[in-house]
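S.K.: I am attaching a structure below and will ask some questions about it afterwards.
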Amino acid sequence: MKIAIFGLGYVGCTAAGCITHQGHTVVGFDVSEAKVAQVNTGRSPVREPGLDELIAKAQSEGRLSAACQIGDALDDCDIAIVCVGTPSGIDGAHDMSYIVQVTRDIANAVKTDRTRPLTVAYRSTMRPGSTDQIIRPIFRAKLGERTDALVELVYNPEFLREASAIQDYFNPPKIVLGTLDGTPNANMERLHEAIDAPVFHVGMREAEITKFVDNTWHATKVAFANEIGRVCQNLDISARQVHEIFVADTKLNISPYYTRPGGPFGGSCLPKDVRALQHIAADIGANTHLVDSLIRTNEAHKHHQFVQASEGLEPGARILLVGLAFKKDTDDLRESPAVDLARKFLDAGFEVDIFDPALKPEQLVGQNLGYTFAFLPAIETLLVDQTTAEAGGYSRIIATNRLADTLELGDTPIMDVSSIN
């Protein structure tokens, strides 16, 4: 098939690399000329293990290209996949402006003489009802009564974790395909035919709420574990042993993955989706007190870790922060707890060096760039190389995302804030 992908960020680029690896042809679209240029020279605009190789191979074989303007590119496409961002708005709801603009662009590009409908699949996380209330009306305004004959709307949430996204793409926990009537879509079936995972054919709203439920549950597990961890620390109880007892119950406690007391949740998904679900719950009059507390308890845990990490340090002490991205092997700094920790150290008057080899400030783009320079405008002066990090002279070393084991750090004490022992 020929597939168009709108948005060449983490989700879109991973999809492009994996879909071309399956043998399909992909044309990617993005408003960023820099991203488009990188794809067209066989390079990934985002850092993700293994993705550069997939992008380079697909581009060299003529199965991947990118552009800023659609033109006639959709005329022979089977599927258009929308992967643009839906960041948090001022009130916590998702900002749908990128979805609206891309939907208008696609609607304007669809020719009314198509002999077969274009499948338009959305992977961006958005409020349940968005397809019915925002997306479909845009297509109907442009295409009129022939809308259903010209486009097939699908909601297909992704379940990718940064730093393991390619593995997750080909081995997802589930495949969710939402359609207007809840019946299978032939093109999306074909796209996923080589992937072995449970498939759920559901209505649009059931599919649209999936990521909210999943990500809010993950956030709940992290916050719950950290609240217990704080209680244990303050009562001189071994949180590690309590955690061992808790996760031994695999029948009721489900999974140990997000239940290990440690770092706050961060990244591009959990915080914004929790805020958006809070907004939805308030909007419909639901009382979701635990959900409402998640961001507050996460912020409390950030401060708790700063207090623990700075305890006993002399004013102006020199600190090495190992890991700034919210996860090892990624350069994603959006809502990274380590960014907040670094800012707190700097505001408190400490001297801070940061070691994270995945970070190249000149390569940061979009919301990643904006978030970083809003909170750490001097990031370029804070980053140090491996030689400097290993040279020592620090009063304390703070490990945030498991990068410390890559360094020879001598006898300086290392505080791992990604885990409470």
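Values in this text are rule-based calculations from the coordinates and carry no lab data. Model, not experiment: these values are computed from the prediction. As a convention, Cβ positions derive from the backbone with ideal geometry for all residues, glycine included, and neighbour counts pool all protein chains shown.
S.K.: What number in nm² do you get for the stretch 262-416 if you take the convex hull of its Cα atoms and divide its surface by four?
M.R.: It is 9.7 nm².
S.K.: Counting only C-alpha contacts under 8 Å and six or more residues apart, can you give the relative contact order of the stretch 2-202 as a whole percent?
M.R.: 19 percent
S.K.: Helix-only mean residue ellipticity at 222 nm, the chain, DSSP H runs n ≥ 4 weighted -39,500 (n - 2.57), per residue, nearest 500. What is it?
M.R.: My calculation for the chain gives -12000 deg cm²/dmol from helical runs alone.
S.K.: With a cap of 11 neighbouring Cβ atoms within 10 Å, and only residues DSSP puts in a loop, list the GluC sites (Glu not before Pro) found in the stretch 330-421.
M.R.: Passing sites in the stretch 330-421 are GLU408.
S.K.: Within the stretch 79-135, list the trypsin sites (Lys or Arg not before Pro) lying in a DSSP loop whose Cβ has at most 13 other Cβ atoms in a 10 Å radius.
M.R.: LYS111
S.K.: Once all Cα-Cα distances of the chain are split into 10 Å bins that start at 0, what whole-number percent is in each one?
M.R.: 4, 20, 29, 25, 15, 6, 1, 0
S.K.: Another question, if that's okay. Helix 270-283: angle to the longest alpha-carbon principal axis of the chain, degrees 0 to 90, nearest 10?
M.R.: For helix 270-283, the angle is close to 70 degrees.
S.K.: Could you tell me which of GLY349, GLN101, PHE326 has its Cα farthest along the dipole of the chain towards the positive end, charges placed at Cβ (Lys, Arg +1; Asp, Glu -1), taken about the Cα centre?
M.R.: GLN101
S.K.: Enumerate by residue number the chymotrypsin sites (Phe, Trp or Tyr not before Pro) in the stretch 298-379 meeting two conditions: DSSP loop (anything except H, G, I, E, B), and at most 12 other Cβ atoms within 10 Å of the site's Cβ.
M.R.: Answer by residue number: there is no such site.
S.K.: Going 7 Å from the Cα of LEU180 in the Cα-to-Cβ direction, what parts of the stretch 192-214 have a backbone nitrogen less than 20 Å from that spot?
M.R.: Inside the label zone: 201-209.
S.K.: Sorting TYR10, TYR394 on the 10 Å Cβ count, fewest up front, what's the list?
M.R.: Ranking TYR10, TYR394 by Cβ neighbours within 10 Å, fewest first, gives TYR394, TYR10.
S.K.: Could you list SER60, SER124 in order of exposure, starting from the residue whose Cβ has the fewest other Cβ atoms within 10 Å?
M.R.: SER60, SER124
S.K.: So how tilted is helix 97-109 from the main axis of the chain? Cα-based, degrees 0 to 90, rounded to 10.
M.R.: Value to nearest ten degrees: 20.
S.K.: Mind jotting down the distance between the C-alpha centroids of the stretch 345-368 and the stretch 197-245, whole Å?
M.R.: 28 Å
S.K.: Right, something else. Past 32 Å, Cα to Cα, is the threshold; run LYS35/LYS211; LYS57/LYS344; LYS174/LYS221 against it and keep the listed order.
M.R.: From the list (LYS35/LYS211; LYS57/LYS344; LYS174/LYS221), the Cα-Cα distance tops 32 Å for LYS57/LYS344.
S.K.: Please report ASP273, ASP105, ASP236 as a ranked list, fewest other C-beta atoms within 10 angstrom at the top and most at the bottom.
M.R.: The fewest-first ordering by Cβ neighbours comes to ASP236, ASP105, ASP273.
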